[in-house]
1. Considering only segment 80-128, state which residues are touching a Leu at 6+ places or on another chain (Cβ under 7 Å) and either in a helix (DSSP H, G or I) or away from the ligand (no atom under 16 Å from the Cβ) (or both).
2. Taking segment 130-162 as the search range and keeping residues that are within 18 Å of Glu89 (Cα to Cα) and of a type in the set (Asp, Glu), which one is farthest from the ligand (Cβ to nearest atom)?
3. Just give me the residues in segment 175-216 being farther than 27 Å from Gly116 by Cα and charged (D, E, K, R), in sequence order.
4. Quick one: which of Gly159, Gly128 is among the small types (Gly, Ala, Ser) and either surrounded by fewer than 20 Cβ atoms within 10 Å (Cβ to Cβ) or not assigned by TED's automatic domain parsing to the domain that holds Asp196 (or both)?
5. Can you confirm whether Ala222 is surrounded by 14 or more Cβ atoms within 10 Å (Cβ to Cβ), assigned to a strand (DSSP E or B) and either in contact (Cβ under 8 Å) with a residue 12 or more places away in the chain or outside the structural domain of Asn51 (by TED's automatic domain parsing) (or both)?
6. Checking Ala140 against (1) small (Gly, Ala, Ser); (2) over 15 Å from the mean Cα position of the chain (by Cα); (3) surrounded by fewer than 22 Cβ atoms within 10 Å (Cβ to Cβ), only one condition comes out false. Which one?
7. With respect to the numbered conditions (1) more than 24 Å from the chain's Cα centre (by Cα); (2) touching a residue at least 12 places away in the same chain (Cβ under 8 Å), which one is the sole condition not fulfilled by Ile253?
Amino acid sequence: MDVLVKTLQDLGITDVRLQEPMANHTTWKIGGPADLYVSLCTRHQLRDAINIFKINDVPWTVIGRGSNTLVSDRGIRGAVIKLEDEFDELHVDGTVVRVGAAYSFIKLSVMIAKHGLTGLEFAGGIPGTVGGAVYMNAGAHGSDIAQVLREAELLLASGEFVTISKAELNFSYRHSKLQEEPAIVLAATFDLQVGDRKRIAADMASFKERRQRTQPWQQPCAGSVFRNPPGDHAARLIEVGGLKGLAVGGAQISPIHANFIVNTGGARARDVLDLIALVQDKVAEQFGVRLHPEVLVLGE
Ligand SMILES: Cc1cc2nc3c(=O)[nH]c(=O)nc-3n(C[C@H](O)[C@H](O)[C@H](O)COP(=O)(O)OP(=O)(O)OC[C@H]3O[C@@H](n4cnc5c(N)ncnc54)[C@H](O)[C@@H]3O)c2cc1C
């Protein structure tokens, strides 16, 4: 591992960490150590690092804000890549917006509103990065990434830089093609529209008020844990099933929002996984519906 660290440092990559606790990089504040954690600032650094990982047979994964991710207690074998600097830039050209994958999705929503553009109001309460939002087809309030994205710039596992259209990303509910064919999102271009500034501000304020009222903002969590089953809401099934407040270790079904699991302090990934399994079984028993997680599990 020391040779690998030295090779990366020789490429000018300064932020290389060993045994980095992933609890520091997830909104759940849960997760064991990653063998290797690197912050990469340019496309060249990224391509070089991927190449080095390939040569040395080191598995790698990219993380955004870790706001939809449960990292296991044993942590991640291989490398975790965090994008920074060049990947954190925003360019607005009329109604066309090109933004780096590391850019905050919430900040993007706010900046776009300041330009009087409409289309990304829904992003105002989604605490991830643009890269994570494209990967997940993040959405809320009746909209999602697929409604506004024009194209995404990617680095493929082969080391090739490509730009692919929205159609090629095969978006559906919380799904993109990137979930089957791994690639790194470098930047995204959105087609927005000129909007009414007062209307945009009012919609964003109303979305924010609703979230603050209905979601446990004060506690570490990862948003909705389960995907909504067709024609229903996971939160409704969990709440009607009387499971609000149910806890395993430090993980609890939020008393405020039934589809959120909160870390009440010292929760382990094992607690969350056990609670997820318990909810799946109880909901299946009562309603005959098997809930499927929306959150992603990374690590050993
Ligand atoms: C309080 C709260 C509220 C939330 N509300 C919503 C909501 O309303 N709607 C919604 O859709 N989600 C919501 N979420 C979930 C989450 O914010 C989104 O799924 C978000 O898009 C994840 O982005 P991230 O950068 O944190 O991704 P991460 O959790 O870091 O990663 C998620 C996946 O994306 C991949 N990924 C990340 N960056 C890249 C990249 N550059 N290239 C390729 N792959 C990448 C990762 O490898 C991982 O597989 C909420 C979460 C919280 C904590």
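The values are calculated or read from the model by the stated rules, or taken from the named source; none is laboratory data. All figures in this text were calculated on a predicted structure; none of them were measured in a lab. In this analysis, Cβ positions are derived from the backbone assuming ideal geometry, glycine residues included, and neighbour counts consider all displayed protein chains.
1. Of everything in segment 80-128, those that are touching a Leu at 6+ places or on another chain (Cβ under 7 Å) and either in a helix (DSSP H, G or I) or away from the ligand (no atom under 16 Å from the Cβ) (or both) turn out to be Phe87, Thr95, Val97, Leu108, Ser109, Met111, Ile112, Leu117, Thr118, Ala123.
2. Restricting to residues being within 18 Å of Glu89 (Cα to Cα) and of a type in the set (Asp, Glu), the top hit is Glu151.
3. Within segment 175-216, Lys177, Glu180, Glu181 meet the criteria.
4. Result: Gly159 is the single residue among Gly159, Gly128 that is among the small types (Gly, Ala, Ser) and either surrounded by fewer than 20 Cβ atoms within 10 Å (Cβ to Cβ) or not assigned by TED's automatic domain parsing to the domain that holds Asp196 (or both).
5. Criteria not met by Ala222.
6. With respect to (1) small (Gly, Ala, Ser); (2) over 15 Å from the mean Cα position of the chain (by Cα); (3) surrounded by fewer than 22 Cβ atoms within 10 Å (Cβ to Cβ), Ala140 is out only on (2).
7. Of the numbered conditions (1) more than 24 Å from the chain's Cα centre (by Cα); (2) touching a residue at least 12 places away in the same chain (Cβ under 8 Å), the odd one out for Ile253 is (1).
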